[in-house]
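Input: a single structure, listed below in structure tokens.
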Amino acid sequence: MGRKVTLATCALNQWAMDFEGNMNRILRSFELAKEKGATYRLGPELEICGYGCSDHFYESDTFLHSMQVLACLIQSPQCQDILCDVGMPVMHKNVAYNCRVFFYNKKILLIRPKKHLCDDGNYRETRWFSGWTKIGKTEEYFLPRIIQEVTNQKIVPFGDAVISTVDTCLGSEMCEELWSPQSPHIDMGLDGVEIFTNSSGSHHSLRKLNQRIDLIRSATSKGGGIYLYANHKGCDGERVYYDGCAMASINGQIVAQGSQFSVQDVEVVMATFDLEDVRGYRNMCRSRTLQAADRESPKFTRVHVDFALSKDDFSTSHLHPIEWKYHTAAEEIELGPACWLWDYLRRSGAGGFFLPLSGGIDSSSTACIVYSMCTLVCEAATKGDEQVISDARKLVSDPTYTPEDPKEFCSRIFTTCYMGSENSSEQTKSSAQDLAKQIGSYHLSIKIDVATTALMSIFTTVMGMFPKFKVHGGSPRENLALQNLQARVRMVLAYLFAQLSLWARGLSGGLLVLGSANVDESLRGYMTKYDCSSADINPIGGISKTDLRMFIRHCVTKFGLTSLTDIYNAPPTAELEPLANGVIAQTDEDDMGMTYDELSVFGKLRKQGTCGPYSMYCKLVHLWSDKCTPAQVAQKVKHFFRSYSINRHKMTTLTPSYHAETYSPDDNRFDHRQFLYNVKWQWQFKCIDQQVERLEQLANKQQATKDDNTQGSSSKDPASAERKSKSPDPVAMATTDSRHGVTVSHDKPSDLVDSVIGTSVGDDKIRSTNIPDILNASSETKDLINEANYFQGRPALKAGDFFKGANGIKPQRQPINNNKPQSMQHSPVLQVLNPHSKVHAPALQRSNPHTPTSMPSNPALLKKIPNVPASKIKKTYQSGEKPEGPVEIIEQPPKHIKKSYEVANQMPTSTKSPQKTNYGANLGGNFTDKQVPITNMRAGTKRVGNPASYLVGQPVTLGQQNKHVIHRV
């Protein structure tokens, strides 16, 4: 009894609609498989016509030519005495299906249609095909006459069935079926199928391969079995690159691995398996055997073939498990786009590439990818790859040429050009020249100022106006137009040189223009429409800026391109604005208003996370909570969506780019969205604003609770209070507001505390000038005001509550109670000054702290404030006594206020003072003249003091002494 089977799977570089070339590559794979002793050969999905035929699948010609190729394969000597499995489209009952066709020795055994179609990302299979929904069932398929003449068959099974050989059972699944939750191999395995095959058309994405490997391993790790995987490899005429990786596994272990990136057209992976390993593994999986024994449906139709896959050859050794060798992301960028470029170049008939090389990260990355392509071609030619050598000779129009040295080959097929202007720096020019020299490209250096000046003279002659850059006094519109003019001139010159530079050098052919805009800039729209981002193809259009920088570092070590070091360290810049004393004054991130890292996050959440503005905000407010406030996150999200929607129209003309990222904004196939937006996003942004307000209110409550707990523990633990007095408090740092021109320090912490809770000197006046307004206040100012509100247990003031006018603070909205006379209403400033007491002065009646009210022209001037000593206040809080003076206290203060008074006498005195100062007893009496630096205050007092003093118009500065917020007059 035979035990060992030798099976072949392959990766083919097919080309959509190239039926002749596709058939030759299929035949070559059969030839190699038979030479190595295989009894079964598996090919990629839709390998006869090519996977990327797209709307050609609507054409009857595609189905006709596929059948013609199938007839040729069935008759071919290479396809005899081996079980053949090929992919092609088939029309059954006027319905198009994506199918596998099994045949053996000129007889078709089964046509198996795909059940689960792929419709996500770059795939649109349901646009052209229908899935087979009759699980475990088959129908009769009437063969066309062109096949009948070869096979002498009229009817063959069509549907969900498996192949039963003399020694084993083989079942097929196709690409997406492996990724679906209910994969066919599960039911087939329980029904006794031992060999699973998967024909795929799976493209490359950065960091995706591990998902594919994990799925293939898991397919047989639970229930045992042999799993073969075949895939396309190369560019079949679209934006994606199929990354091969043909492989074989058994019982959850990979035993054979094909290459992921290669310029080789046909690659066959062989593996020998012992069928008894599968049977023994399954017998030990008791849960699997119980499920298989109890199983009633579905039962798969078995198509019998009088052929054995195994041989009685005990001398043949089977393979052992291997560890899959993954490429790093930098290596994927080095190899994937390089192979894609090679396929595009050799199949386009062009004579090479032309690249505007600016000396920046993006264009330098593109140049490095071309150099990597040249390296791969030379390596394949050295190994004797006849197809690669033939393509290279056609490319350079030399029938005797063999590429051996990457630099020499690069000089023949790659032209770079530095297009400088008066705004370009010497640094980028020299960087471009150095890189071109190291990779061997034919390099040009030109100036575009003559062209831009000529175009501007036309505009000036017609319109009578001469636009200026912003640094020269021009408006933003003028500045942007002048930048765009330079960018578009470069595009025009790029195509001119691409068409004629080889002619000028006495060589034949033309050049393909390469673009170099990364995926983040495309997403943000940070490019000029029809500038150098407009090209024939773009190898980095699906790669993020962050990954490109990583790739540049990789190229320094891999290829020894030391010139990339300066390029890596230079800030990304478009160099479209005038230099500042010969130095670059314009950077990309400043222009965009966001970093490249932030752009990547936005892009992934928008596409992968399926987030609109509101959902993105809800995620980022937590993700970025360590570096941004909710309001700052909201601003970033709004800015991104405004920029994205304003520039979305540019995606309609985006250069065809290598697909590498799952958040690509490619409008052609991957990212289907409109290109005309309401850029205001009113409803979405309103939802964000509401969420910001709720989060800020919650934060205020949490901070108030935290302050209560912190100050409560400080009063019980003097040592803790002393430790806090020695450590700086970032919130309590001194602040100076230059707009008010007043700098005030304090030598009496108790004065500051009492000025906040409304127990200051009775006959004193608060001298206050230039009370700040919320709208015009800086962020530090607002933080101080809100800190005062935290201390009082109140919500934070919001921008727009009040503002500064010619006569002081004026209301923006009507007061809550319009029936009250003006004298009974007060400003939010006065509320903050006296939040915990109700005094007889009618101007201090309490109301909503967030509602601005009508006020006198100088609301900061208080005529009378009751004089109550601090000691009396303390006793009243502790014992409930009524204090002396014309004050009626009707509510208890928060606990942290009481504890602040209890620890007031523990405050350290100034080192300049020879005596101790009782701060808590100075409220009603004369102020001490001793200098107490504010740096000696405890943190709690500074936190209270700064916002309190700020509210009366006198900011606090550390280090200044012997000045007071409250003065006796």
Inset, instruction - Please work out if Arg302 is outside any loop (DSSP other than H, G, I, E, B) and among the charged types (D, E, K, R). - result: yes
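Between Ser66, Ser54, which is in a helix (DSSP H, G or I) and closer than 28 Å to Ala248 by Cβ?
On the way: Ser54 fails: closer than 28 Å to Ala248 by Cβ.
It is Ser66.
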Inset, instruction - Consider Leu73 carefully, then state whether it is of a type outside the set (Gly, Ala, Ser), open to solvent by less than 10 Å² (accessible area, probe 1.4 Å) and in a loop (DSSP other than H, G, I, E, B). - result: no
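Yes/no per residue for (1) in contact with a Lys or Arg (Cβ under 8 Å, 6 or more places away or on another chain); (2) open to solvent by 20 Å² or more (accessible area, probe 1.4 Å):
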site: Leu605; (1), (2): yes, yes
site: Ser615; (1), (2): no, yes
site: Cys618; (1), (2): no, yes
site: Tyr644; (1), (2): yes, no
site: His659; (1), (2): yes, no
site: Thr662; (1), (2): yes, yes
site: Arg673; (1), (2): yes, yes
Legend entry - Condition met for Leu605 (part of a helix (DSSP H, G or I) and in contact (Cβ under 8 Å) with a residue 60 or more places away in the chain): no
Inset, instruction - Among what's in region 24-70 and is aliphatic (A, V, I, L, M) and more than 23 Å from His203 (Cβ to Cβ), pick the residue that is surrounded by the fewest Cβ atoms within 10 Å (Cβ to Cβ). - result: Leu64
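Pull up region 675-711, narrow it to residues that are in a helix (DSSP H, G or I) and of a type in the set (Phe, Trp, Tyr), then point me to the one that is least open to solvent (accessible area, probe 1.4 Å).
Residues of region 675-711 in a helix (DSSP H, G or I): 682-711.
Now drop any that are not of a type in the set (Phe, Trp, Tyr), which leaves 683, 685.
Values: Trp683: 175, Phe685: 13 Å².
Applying the filter and picking the extreme gives Phe685.
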Legend entry - Qualifying positions in region 502-548 - open to solvent by 10 Å² or more (accessible area, probe 1.4 Å), more than 21 Å from Leu485 (Cβ to Cβ) and not in a helix (DSSP H, G or I): Arg505, Gly506, Leu507, Ser508, Gly509, Gly510, Leu511, Leu512, Asp536
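Could you list, in sequence order, the residues of region 474-483 that are touching a residue at least 12 places away in the same chain (Cβ under 8 Å) and crowded, with 16+ Cβ neighbours inside 10 Å?
Taking region 474-483 as the starting set, the residues that turn out to be touching a residue at least 12 places away in the same chain (Cβ under 8 Å) are 479, 481-483.
Matches in region 474-483: Asn479, Leu482, Gln483.
When you scan region 379-478 for helices (runs of 4 or more DSSP H) that lie fully inside it, which ones turn up with 1 or more residues that are within 37 Å of the chain's Cα centre (by Cα), at negative phi and of a type in the set (A, V, I, L, M, F, W, C)?
Numbers: elements: 386-396, 406-413, 426-439, 449-463.
Filter on region 379-478 gives 386-396, 406-413, 426-439.
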Legend entry - Residues being farther than 24 Å from Cys532 by Cβ and either at pLDDT below 95 or open to solvent by less than 40 Å² (accessible area, probe 1.4 Å) (or both) - total across region 356-381: 6
Legend entry - Members of region 224-274 that are under 21 Å from Gly87 (Cα atoms), open to solvent by 10 Å² or more (accessible area, probe 1.4 Å) and part of a strand (DSSP E or B): Val266, Glu267, Val268, Val269, Met270
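Looking only at region 428-463, which residues are in contact with a His (Cβ under 8 Å, 6 or more places away or on another chain) and of a type in the set (Asp, Glu)? Steps first, answer last, please.
If we filter region 428-463 for residues that are in contact with a His (Cβ under 8 Å, 6 or more places away or on another chain), which is where we start, we get 432-433, 436-437.
Answer for region 428-463, where residues must be in contact with a His (Cβ under 8 Å, 6 or more places away or on another chain) and of a type in the set (Asp, Glu): there is none.
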Inset, instruction - Enumerate the pairs (first residue in region 143-155 and on the phi < 0 side of the Ramachandran plot and without any contact (Cβ under 8 Å) to a residue 60 or more places away in the chain; second residue anywhere and basic (Lys, Arg) and loosely packed, with under 14 Cβ neighbours inside 10 Å) with beta-carbon separation below 8 Å, excluding pairs fewer than 6 apart on the same chain, so at least 6 apart or on different chains. - result: Leu143/Lys154; Gln148/Lys154
Inset, instruction - Look at Asp566 and say whether it is of a type in the set (Asp, Glu), touching a residue at least 40 places away in the same chain (Cβ under 8 Å) and touching a Ser or Thr at 6+ places or on another chain (Cβ under 6 Å). - result: yes
Legend entry - Scan of region 560-571 for residues that are surrounded by fewer than 19 Cβ atoms within 10 Å (Cβ to Cβ) and in contact with an Asp or Glu (Cβ under 9 Å, 6 or more places away or on another chain), ordered by number: Thr562, Asp566, Pro571
Inset, instruction - Could you tell me which of the residues Thr653, Thr629 is surrounded by fewer than 14 Cβ atoms within 10 Å (Cβ to Cβ) and of a type in the set (Ser, Thr, Tyr)? - result: Thr653
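In this structure, does Val471 turn out to be open to solvent by less than 10 Å² (accessible area, probe 1.4 Å) and either in contact (Cβ under 8 Å) with a residue 40 or more places away in the chain or more than 30 Å from Arg606 (Cα to Cα) (or both)?
Working: open to solvent by less than 10 Å² (accessible area, probe 1.4 Å): no; either in contact (Cβ under 8 Å) with a residue 40 or more places away in the chain or more than 30 Å from Arg606 (Cα to Cα) (or both): yes.
Considered against the rule, which asks whether it is open to solvent by less than 10 Å² (accessible area, probe 1.4 Å) and either in contact (Cβ under 8 Å) with a residue 40 or more places away in the chain or more than 30 Å from Arg606 (Cα to Cα) (or both), Val471 comes out as no.
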Legend entry - Residue within region 184-206 that is open to solvent by 10 Å² or more (accessible area, probe 1.4 Å) and under 27 Å from the mean Cα position of the chain (by Cα) present: yes
Inset, instruction - Please specify each residue of region 94-118 satisfying the condition of being touching a helix residue (DSSP H, G or I) at 6+ places or on another chain (Cβ under 8 Å), open to solvent by 30 Å² or more (accessible area, probe 1.4 Å) and closer than 26 Å to Gly189 by Cβ. - result: His116, Leu117
Inset, instruction - Run down Arg217, Arg207 and say which single residue is at positive phi and either of a type in the set (Lys, Arg) or in a strand (DSSP E or B) (or both). - result: Arg207
Inset, instruction - Please go through region 122-141 and pick out each residue that is farther than 23 Å from Lys299 by Cα and either of a type in the set (Val, Ile, Thr) or surrounded by fewer than 14 Cβ atoms within 10 Å (Cβ to Cβ) (or both). - result: Thr126, Arg127
Inset, instruction - Looking only at region 331-338, decide whether some residue is part of a helix (DSSP H, G or I), in contact (Cβ under 8 Å) with a residue 12 or more places away in the chain, open to solvent by 20 Å² or more (accessible area, probe 1.4 Å) and charged (D, E, K, R). - result: yes
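Against the definition (under 15 Å from Ile439 (Cβ atoms), at pLDDT 95 or above and open to solvent by 10 Å² or more (accessible area, probe 1.4 Å)), how does Tyr401 come out, yes or no? Show your work before the answer.
Values: under 15 Å from Ile439 (Cβ atoms): no; at pLDDT 95 or above: yes; open to solvent by 10 Å² or more (accessible area, probe 1.4 Å): yes.
No, not satisfied.
Name every residue in region 164-183 that is in a helix (DSSP H, G or I) and crowded, with 22+ Cβ neighbours inside 10 Å, in order of residue number. Outline the logic, then answer.
First pass over region 164-183, keeping only residues in a helix (DSSP H, G or I): 176-179.
Across region 164-183, the qualifying residues are Glu176, Leu178.
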Inset, instruction - For region 275-297, state whether one or more residues are among the charged types (D, E, K, R) and part of a strand (DSSP E or B). - result: no
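The values are calculated or read from the model by the stated rules, or taken from the named source; none is laboratory data. Note that the structure is a prediction, hence the values are computed from the model and not measured. No Cβ is skipped: glycine too gets one built from the backbone with ideal geometry, and neighbour counts run over all protein chains shown. Only protein heavy atoms, including side chains, enter the accessible area calculation; ligands, DNA and RNA are left aside. Shrake-Rupley method; radii C 1.70, N 1.55, O 1.52, S 1.80 Å.
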